[in-house]
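The structure appears right after this line, and notes come after that.
Values quoted throughout were computed directly from the atomic coordinates according to the rules given, and no laboratory measurement underlies them. Note that the coordinates shown come from a computational prediction; the quantities given were computed from them, not determined experimentally. Positions of Cβ are generated from backbone atoms using ideal geometry, with glycine treated the same way; all protein chains shown enter the neighbour counts.
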Amino acid sequence: MRSDISTGFSARDTNCVKGAAILMLLTHHLYMGVLPAPIDLAGSSPLTVIATLSKVCVAVFMTLSGYGLSVSFLRREERGAAGFTAAHTLKLMGNYWLVYVLFTLSGFFLARPQFTPQAVYGPGARGAVQALIDLLALPPLFHTASFNQTWWYMEAALVMYAAFPLLYKAVKKRPGVVLPLAAVPLLLYYFRGNNVWDTCREIYWFLPFTVGIFVAQRGLLDKFAALLEGPRGKLATAAATGAVLLAAYVRALTGLVFDTVFALAIIFFMRAVFCRVPYVNAVLAYLGSRSGDIFLTHSFFYCYFISQPLFLKLLEGRTLVKLAALPLLLAMSLLCAEGLRLLRRAVPAGRREK
């Protein structure tokens, strides 16, 4: 077996799935995946359908976040829950603060007129307060302005990190209670008819996060990876492929309420298929290792900064021209991510925890 293919669910596999998720994120935003559920599959543009279904990237990231924190905590419980949470929160915010400072300063010169810091935050004390709240990644909580609307995810991540110690214990002791409770906001959203509230809030993402914790505590991904290497590996791969196709179809009919199941299907499918393909897994793992910075920066290039007209021109063209916008956005975001990585290496306080 090649050395670049793992036998369990490794950190490399996690990055491989993150790589796929970040491509879905770019697709969702770039091609305006906003079709309401149930999606008219026959009457809608295939690209728009794919972009809408790519919204599942949020649930994928949340599931992997809960999973990754749990696996890491199992190895480092001696640090204590408080110290563990504080270290990971500081790492999360440190990366965000660097991007915030650099891009806010750049915004004075590169942002389109309506998206400059002055235009977004406003003048005087009110503007300063709004900028401070944005620096703390809390605009969704206070309903204040944000320099980048995509950053709503940061507030959700902060809430999950803060709640992690309690959720970890609760899921371990009472999963039959915690998981259904975490699903309540999504169920209410679904039964109210979908698209009735803003889902860019933490309350809708407790379910995938707690499911990630549950999966880690039960070792489900490692067990599945072991199954793939056994005599029933081909059957498991076929089942994972069928499951992800079925989940995509059900998600198209039901909407956000099914995203956690869809996300799980994608993770198992990725481990069964793309995480096992040499070179493909390497490319996806590389993208996944840069996914945090790509998430934080990509919106500036296609929307907020003066490069937006270039993307508009591509998106107004024929299908092949439209598709060219995706690798362009990925390339620009990756270039920025590599620059941020070099900058963190140059500043000891900004180095990532190993």
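Partner lysines whose Cα lies under 26 Å from the Cα of K55, excluding those fewer than 8 positions away in the same chain, are identified as K18, K91, K313, K322.
Rounded to whole numbers, the Karplus 3J(HN,Hα) couplings from phi for the range 90-106 are 5, 5, 4, 6, x, 5, 5, 4, 4, 5, 4, 5, 5, 7, 5, 5, 5 Hz, using 6.51 cos²θ - 1.76 cosθ + 1.60 with θ = phi - 60°, and x at Gly and Pro.
Given the choices (i) 22.9, 87; (ii) 21.9, 86; (iii) 20.3, 68, Rg and Dmax of the Cα atoms in Å derived from the coordinates of this structure is entry (iii). The Stokes-Einstein estimate for the range 284-354, based on a Kirkwood radius over Cα pairs and taken at 10 °C with 1.306 mPa s viscosity, is a diffusion coefficient of 119 µm²/s.
Classify the range 207-261 as rounded, prolate or oblate from the Cα gyration tensor: take a ≥ b ≥ c as the square roots of its eigenvalues, call it rounded if a/c is under 1.5, otherwise prolate when a/b beats b/c and oblate if not. Oblate shape, in that a/c is at least 1.5 and b/c is the bigger or equal ratio. The relative contact order of the chain comes to 31 percent, based on Cα pairs under 8 Å that sit 6 or more residues apart. Taking a ≥ b ≥ c as the square roots of the Cα gyration tensor eigenvalues, the range 47-138 comes out oblate, since a/c reaches at least 1.5 and a/b does not exceed b/c. Couplings 3J(HN,Hα) of the range 27-43, computed from phi: 5, 4, 6, 5, 9, 6, x, 10, 5, x, 8, x, 6, 7, 5, 7, x Hz, in residue order, whole Hz [Karplus 6.51 cos²θ - 1.76 cosθ + 1.60, θ = phi - 60°; x for Gly and Pro]. Projected label points at L138 and R201, each 7 Å from Cα along the beta carbon direction, are separated by 1.7 nanometres.
Taking 13 Å as the cut-off, the amide N atoms of the range 32-65 that come nearer than this to a point 7 Å along the Cα-to-beta-carbon line of T319 belong to 44-50.
Provide the packing ranking of 115-124, 310-319, i.e. peptides ordered by the mean count of other C-beta atoms within 10 Å per residue, highest first.
Details: 115-124: 15.5, 310-319: 12.7.
Answer by packing, highest mean first, reads 115-124, 310-319.
Judged by the mean number of other Cβ atoms found within 10 Å, the most tightly packed of the peptides 202-213, 134-145, 335-346, 268-279 leads the ranking 202-213, 268-279, 134-145, 335-346. Scanning residues 5 or more positions from F305 or on other chains, those with amide H under 5 Å from its amide H are R112, with H placed 1.01 Å from N in the peptide plane. Using a Gaussian network model on the chain with a 10 Å cutoff between Cα atoms, which of L30, L98, L320 fluctuates the most? So, out of L30, L98, L320, the one fluctuating most is L320.
On a full-extension model of 0.36 nm per residue, what is the gain between T48 and R345, subtracting their alpha-carbon distance, rounded to one decimal in nm? Walk me through the numbers before you get to the answer.
On the way: separation 297, 0.36 × 297 = 106.92 nm, distance 3.90 nm.
Computed gain between T48 and R345 is 103.0 nm.
How would you rank 44-56, 237-249, highest first, on the average number of other Cβ atoms within 10 Å across their residues?
Numbers: 44-56: 18.3, 237-249: 16.2.
For the peptides 44-56, 237-249, the packing ranking is 44-56, 237-249.
Close amide H contacts of G255 (hydrogens built in the peptide plane, cut-off under 5 Å, sequence separation of 5 or more or a different chain): none are found.
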